[in-house]
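Structure record follows, encoded as structure tokens.
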Protein chains: 2
Amino acid sequence: MDVYQCIRSRLTVRDFKPDAVPEGVVRRMLQAARWSPSARNRQPWHFIVIRNRDTLAEIGSIASSGGFIGGAPMAVAVVMARGGRPEFDAGRSLQHMELAAWAEGVGGCVAGVRGEENEKVKELLGIPEDKELVTVVAFGYPTDEAAAGTKVRKELPEIAHSERFGQSYGI
Amino acid sequence: MDVYQCIRSRLTVRDFKPDAVPEGVVRRMLQAARWSPSARNRQPWHFIVIRNRDTLAEIGSIASSGGFIGGAPMAVAVVMARGGRPEFDAGRSLQHMELAAWAEGVGGCVAGVRGEENEKVKELLGIPEDKELVTVVAFGYPTDEAAAGTKVRKELPEIAHSERFGQSYGI
């Protein structure tokens, strides 16, 4: 799929068909994430691929904003070494993964797991204390309804500036 | 360009030809960034497009790790509203922008601007106190040498795990 078209059409997907995501697609998603840039090229990322139904259900019940994980055929926990810019680098890497997935028809949705929820999921997945669990992302093929969703975004003039903050970009 | 090929081939570029980045390309970069997902779809981002040579030179001299900005034909300052997950959302959005740029032959490099440097650049660009300057990213057409660079990344088995942290993904 053309990259611009992929970026433009990608939707956040929370409702999934039961179909498994083929191994070849998961591998492309992992490769895409691996090719991301990172601060000083530290590549502080780890990705845990979760397909076990009990584990997915348990994460879905722990994460108050991530119930949809329980209904996904798979999820990826994004784990970062501390130091550097873990959130920034995780975001860059995840976006590569999401686009590689979308090009294969697979959508995803990020679940925030903060505070106590974060500790519980870390324990469940055996994530070492010195690593940071940034998010768990559910992936799968969208239901027909989810695939028909629309993207709602601010218009460019609201977010684009020329030379200085507040100077209209004139779009 | 195919999305997977774009992700795979994208290089971080610090050395630029003097050629300007055409307005149409900048617009595609901004659109791509705008189409990014964000926590609760808050879209907390602002993008300041900088082409003024004096401004670029001044940012390059302020940012101790971003001297290359002074030699770039343009840069984009990524500014986020506070609250939510500004670094994570900035990373996702920036990656859309970088891929849209690369598809047009334009490369970029992130400069960290922290502490006092951050305050100075915020003042220079008129960024309100209540907004967060996450990074300034230089963009331009790579020199022939920069375009011939290679990507060095950890191998998948080092970063991919199956079901639990530390369990080999078996790639």
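The values are calculated or read from the model by the stated rules, or taken from the named source; none is laboratory data. None of the values given here were measured: they were computed from a predicted structure. Glycine gets a Cβ as well: all are built from the backbone with ideal geometry, and neighbour counts include every protein chain shown. Side chains are part of the model used for accessible areas, which takes the heavy atoms of the whole protein and leaves out ligands, DNA and RNA. Shrake-Rupley method; radii C 1.70, N 1.55, O 1.52, S 1.80 Å.
If you count only protein heavy atoms and use a 1.4 Å probe, how large is the accessible surface of B:Leu133, to the nearest 10 Å²?
Per-residue accessible area (B:Leu133): approximately 10 Å².
What does the accessible area per residue of the protein assembly as shown come to in Å², with a 1.4 Å probe and no ligands, DNA or RNA counted?
In whole numbers, the protein assembly as shown has 40 Å² accessible per residue.
Principal axes first, then extents: for the Cα atoms of the stretch B:92-146, list largest minus smallest coordinate on each axis, whole Å, largest first.
37, 23, 16
In peptide B:10-16, how many Cβ atoms from other protein chains are near each Cβ within 10 Å, on average? Please report the intermediate quantities before stating the final value.
Values: counts 5, 1, 3, 0, 0, 0, 0.
Average per residue, whole number: 1.
For peptide A:73-83, compute the average count of partner chain beta-carbon atoms within 10 Å of each residue's beta-carbon.
Values: counts 0, 0, 0, 2, 4, 1, 3, 0, 0, 0, 0.
That works out to 1 on average.
How tilted is helix B:53-62 with respect to the longest principal axis of chain B? Cα atoms for both, answer in degrees (0 to 90, nearest 10).
Relative to chain B, helix B:53-62 is tipped by roughly 60 degrees.
Tilt of helix A:86-102 relative to the longest C-alpha principal axis of chain A, in degrees (0 to 90, nearest 10)?
90
Relative contact order (percent) for chain B, with alpha-carbon contacts under 8 angstrom and 6 or more residues of separation?
Relative CO of chain B lands at 31 percent.
Mind listing the label-point distances from B:Gly84 to the same position on all other copies, shortest first, one decimal in nm, points 7 Å along Cα→Cβ?
Counterpart label points of B:Gly84 in the remaining copies fall at 2.5 nm.
Mean projection of the alpha-carbon convex hull of the protein assembly as shown over all orientations, in nm²?
Numbers: hull surface 63.4 nm².
Projected area, direction-averaged: 15.8 nm².
Nearest 10 degrees is fine. How inclined is helix A:115-125 to the longest principal axis of chain A, computing both from alpha carbons?
60
State, to one decimal in nm², a quarter of the convex hull surface area for the C-alpha atoms of the stretch A:14-81, i.e. the direction-averaged projected area.
Details: hull surface 21.2 nm².
Averaged projected hull area, Cα only: 5.3 nm².
Residue by residue through A:94-101, how many Cβ atoms from other chains fall within 10 Å of the Cβ on average?
Working: counts 5, 11, 10, 1, 5, 7, 4, 0.
Other-chain Cβ atoms within 10 Å of each residue's Cβ, averaged: 5.
Residues with beta-carbon under 12 Å from that of B:Ala146, excluding B:Ala146: net charge, scoring Lys, Arg +1 and Asp, Glu -1?
Working: positive: B:Arg14, B:Lys17; negative: B:Asp15, B:Asp144, B:Glu145.
Residues close to B:Ala146 contribute a combined charge of -1.
With a sphere of radius 15 Å drawn around the Cβ of A:Leu156, what net charge do the other residues whose Cβ falls strictly inside it have (Lys, Arg +1; Asp, Glu -1)? Let's see the in-between values first.
Numbers: positive: A:Arg8, A:Lys151, A:Arg153, A:Lys154, B:Arg27, B:Arg28, B:Arg34; negative: A:Glu155, A:Glu158, B:Glu23.
Within the 15 Å Cβ shell, the charges total +4.
For B:Asp130, go 7 angstrom from Cα along the Cα-to-Cβ vector, then report the distances to that same point in the other copies in nm, smallest first.
Inter-copy label distances (nm, one decimal, shortest first): 4.1.
Taking a label point 7 Å out from Cα toward Cβ, give me the nm distances from A:Ser9 to the same spot in the other copies, shortest first, one decimal.
Going from nearest to farthest copy, the values are 2.1 nm.
Could you give me the percent of Cα pairs per 5 Å distance bin for the stretch A:1-117, shortest bin first, beginning at zero and ending with the bin that holds the maximum distance?
Per 5 Å bin, starting at 0, the Cα pair percentages come out as 2, 11, 20, 23, 21, 15, 6, 1, 0.
Hey, if you drop one equal point scatterer on each alpha-carbon of the stretch A:43-168 and run the Debye formula without solvent, what base-10 log of I(q)/I(0) do you get at q = 0.09, 0.20 Å⁻¹?
With one equal scatterer per Cα and no solvent, log10 I(q)/I(0) is -0.32, -1.13.
Work through the residues other than A:Pro18 whose Cβ is under 14 Å from its Cβ and net out their charges, Lys, Arg +1 and Asp, Glu -1. Walk me through the intermediate numbers first.
Details: positive: A:Lys17, A:Arg51, A:Arg53; negative: A:Asp15, A:Asp19, A:Asp144.
Residues close to A:Pro18 contribute a combined charge of 0.
Determine the share of chain B's accessible area contributed by carbon and sulfur atoms, expressed in whole percent, with a 1.4 angstrom probe. Intermediate results must be reported in sequence, preceding the final value.
On the way: 3190 of 6800 Å².
Solvent-exposed carbon and sulfur of chain B make up 47 percent of the total.
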